[in-house]
Amino acid sequence: MTTHADLSIFTKILQFGWRMNESTLAHELVRARLAEVAELKNALQQMHANLEKMLRAQMELQTLLEDREEPGYELVEVLGDDGIGIAREGAFSFGVLLEMVVNRLKG
């Protein structure tokens, strides 16, 4: 992978030609490598920030799911084990069951 730092050193070599002495070339190579490491460090920091955002979103979703799950278990306690069997079979979705209850209450 060619980085900005690599292109910079190639530009200097072209600019000065092959007249660059070994010491100057070594310094340019070190500078280019350090610039590359700095770019990688920035990318890593950005990745870390994005992972933190994803973790916060995951925690919020987990809390939301737990908040919605708790009333369901309370209903299972009231209904007994029969309610669990129907839910496991997936006979009706929550929306369909809610509509049936509303229609029955309307009379």
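What follows draws every value from the coordinates through simple rules; no lab data is involved. This is a predicted model, so every value here is computed, not measured. So basically every Cβ, Gly included, is an ideal-geometry build from the backbone, and we count neighbours across all protein chains shown.
Modelled spin labels at Arg33 and Glu74, positioned 7 Å past Cα toward Cβ, are 6.4 nm from each other.
Here the peptides 35-44, 51-60 are ranked by packing, the mean other Cβ count within 10 Å, and the order with the highest first is 35-44, 51-60.
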